[in-house]
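To start, the structure itself, in structure tokens.
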Amino acid sequence: MGLPQTVETGANVKRKRVSEDSPARTHQSQLQQKRIKLLDSRKQLPIWQRQKDIRDALRNHDVLILSGETGSGKSTQVPQFLLDQPWCGFPGKIAVTQPRRVAAISLARRVAEEMGTPLCSSSPASKVGYSVRFDESTSPSTRIKFLTEGMLLQEMLRDASLSQYKCVIVDEVHERSVNIDLILGFLKQLQTRRRDLKVVVMSATADADSLQRFFAAQILEDTQHDPKLVSSDSQADGEPEMDADDASWHGFGDEDQRSSSNIATCHVEGRQYPVITRYLDSPTEDTIEAALHRIFQIHCKEPTPGDLLVFMTGQEAIQSLQKLVEEYALGLTTDYPKMLVLPLFAALPQTAQQLIFQPAPRNTRKVILTTNIAETSVTVPGVRFVVDTGKAKVKQFRNRLGLDSLLVKQISKSSADQRKGRAGREAAGQCYRLYTEEAYTSLDKDSTPEVLRCDLSQAVLTMKARGVGDILRFPLLTPPPKEAMEKALLQLLELGALDEHGNISPIGRKIARLPLTPALGRVIIEAATPEMDCLVEVIDIVACLSVEHIFLAIDTEEGREKASVARRQLLRRQGDHLTYLAAVQACAAEQSDRRRWADDHMISHRAMQSVMDVRKQLTAQCRQAKLFTTQEAHPATDEATQERIVKCFLRGFSSNVARACPDGSYKTFAGNQTVAIHPSSVLFGRKVEAILYNQFVYTNKAYARDVSVVQLRWLEEALAGMT
Ligand code: CDP
């Protein structure tokens, strides 16, 4: 007798399960094959030989300071060495901080492959995830999480004890960003409360002394302050097991038992092949021209295969150079390999950033044009030639202006050496410095830590939001001048993020939860008030300000004319902010073919995709923070709404205002400095009463970017509202 179709016999079920499982099984076996293949290359890494030392160090110490050349295997291997340690427990998690999104994502991908687990899938087999601004990819089974420094600081807002982690690895500490300094301070404090928390501090430069002193001082201070914190288990651990033959191991400070039982250092020798360095005979002003010349010299004259890594200052220089290289490459005969030009800068969308990790197609040389991202943060395989302009765009606080500006500056010797090192990771290489040998000799030894040169308002707000009362006593690796801290306090007071006693206000708490600078956060909060009621629109604009420039750069007169026709419907006479809004609204309304829409309007489709992404995430965050209390969208942005939108920006950026002078120039209110409207602005060439700007950039002269027209009367109102 036949069985009814709906009844499943044991054999049926089994057969069905096997067939259902097979794609998953195939995937599993592919992951395992990849894992086994990668194991061989992992074993070649200099750090592989040191895994026992690293495990022992953390069994016996709370802090490990690990230095080692870029590419020695720190970021990928150390979390894997530690995951199975008894102190890590199950399901103890390890956090690894990274200065940049591209590094966090590519490391997570790589480590997932090395471990043979799917990346960030919801499958319980997924062990590796990442969390970067506007993109979180983790699951409950994540055990190693790569995250940007900003995201770890955000997590601390929700859980000050970081209770889900057994170990926090702070990577790229040599970069000395403000966020790194803050994290080190918080972790130091946290370790006095959580004796089970391990901290690993990793640096590409072997300058462990100051870090040792920093952690030792903290431990001394805290145990002196509170004898209860001298835990018995740390005493019981006794002296570390040290390898007597290994000269690079140090217990720290014999004179202090507490310190020596808590801090270990380890240096891993890098794998570095010789790199020939060449300099220019005489200095050059035009780095783009010099780089272009050098790239083709290498490509056409160097028979050695291998990719090129070219260090430029920023997005614009990279895009101009990319265009030139691609144009010239069209003229190459088939005797030469093809060229694949790939840009790499922070604002580039993730998918575009990840392209640099793909091997070049056959008979093709990759030419990667990068900012200092590729200096230490990411390892690009296949590079044999480095071209270094010797410059980088850095954030610098300008006292006269009272705000951060982006300046193109000479890099430090240590940065130049890191850049050079990138040519010799896999074989002997060559480094072409587009400056003279004398210029190299006169470079500063190290870069100045960000905390000494940047606006500290975000850092101070971060501290305040996490309960630091006296910020001047917060442990920082390099304490900034008192005046800089005070200036930041004042700015936060102006934004309404602190009250008159210096305590964080409800507005400040809301701002601290947004992944934005305090000024931009304040704009969002203002827009959410019932009087302003323009949050949806302001989110669209803030999304544009958070990614690469949406309008394609145009350098010819003819191109400019074409662009002004193509973009006519989007351009707003009130300035860039409302123009961005018009572009986002038009793009969102385009349902059929956004790529064509972008091409038609000479807008970067890639940038617009990022804008849409950020817009979605920011909207979700604002909804979560219950900022949407009023009407959510305006069918058409009428003039009154437009005025309110610009006024919201004025609330966050009241010190970024300049007024027109009779000679046609603009002078900033703060500092009375001459500033010109950047050519990329829709207001370029126009003269208006006063302008508000989001960025101050100094290249060959001072420029205001992301500019809108404001009326002086609005500024008076805004200032009156603050008092
Ligand atoms: O942290 P550190 O610079 O010491 O090295 P790492 O980032 O752990 O890189 C070690 C090696 O892993 C590199 O030389 C690359 O061969 C490989 N790697 C990769 O293929 N893809 C990544 N996203 C990161 C590393």
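Here, each number is a calculation from the coordinates, and none is a lab measurement. These numbers come from a predicted model, not from an experiment. Because the Cβ atoms are built from the backbone with ideal geometry, glycine has one as well, and the counts that use them run over all protein chains shown.
At-a-glance table
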item	result
Farthest positive-ward along the chain dipole, Cα basis, beta-carbon charges - from A620, V675, T478	A620
Anisotropy class of the stretch 77-137 from Cα gyration tensor, a/c 1.5 cut	prolate
Listed peptides 510-523, 330-343 by packing density, highest first (mean Cβ within 10 Å)	510-523, 330-343
Computed magnitude of the charge dipole of the stretch 259-413 (debye, nearest 20; Cβ of K, R +1, Cβ of D, E -1)	280
Percent of Cα pairs exceeding the 18 Å cut-off, where the set is the stretch 416-487	58
For the stretch 452-575: Kirkwood Rh in Å [reciprocal of mean 1/r, alpha carbons]	17.1
Table column - 3J(HN,Hα) (Hz), the stretch 141-156, Karplus curve with 6.51, -1.76, 1.60, x for Gly and Pro	8, 4, 10, 10, 10, 8, 9, 6, 4, x, 6, 5, 4, 5, 4, 5
Violating pairs (Cα-Cα greater than 24 angstrom) within the set K482/K626; K198/K626; K188/K482; K127/K166; K301/K366	K482/K626; K198/K626
For the chain, size of Cβ-based charge dipole, Lys and Arg +1, Asp and Glu -1, in debye	1680
For the stretch 438-444, Karplus couplings with θ = phi - 60° (6.51, -1.76, 1.60), whole Hz, Gly/Pro x	5, 4, 4, 4, 8, 5, 4
Distance histogram in 5 Å bins (all Cα pairs of the stretch 19-116, percent per bin)	2, 11, 18, 22, 20, 15, 6, 3, 2, 1
Alpha carbon convex hull of the chain, projected area averaged over orientations, nm²	39.5
In sequence order, calculated HN-Hα J values of the stretch 495-512 (Karplus, 6.51, -1.76, 1.60; Hz; x Gly/Pro)	6, x, 7, 10, 8, 5, 8, x, 8, 5, 9, x, 5, x, 4, 5, 4, 4
Between the stretch 85-115 and the stretch 563-609, the alpha-carbon center distance in angstrom	38
5 angstrom amide H check on V96, placed H, neighbours 5+ away	K145, F146, L147, I169
Distant alpha-carbon pairs in the stretch 339-488 (separation over 28 angstrom), percent	37
Relative contact order for the stretch 556-695, counting Cα pairs under 8 Å that sit 6 or more residues apart, in percent	21
Long-range amide H partners of V657 with built H, under 5 Å	F669, A670
For Q695, residues with placed amide H under 5 Å, excluding near neighbours	R705
Between the stretch 163-194 and the stretch 309-339, the Cα center-to-center distance that results, in Å	40
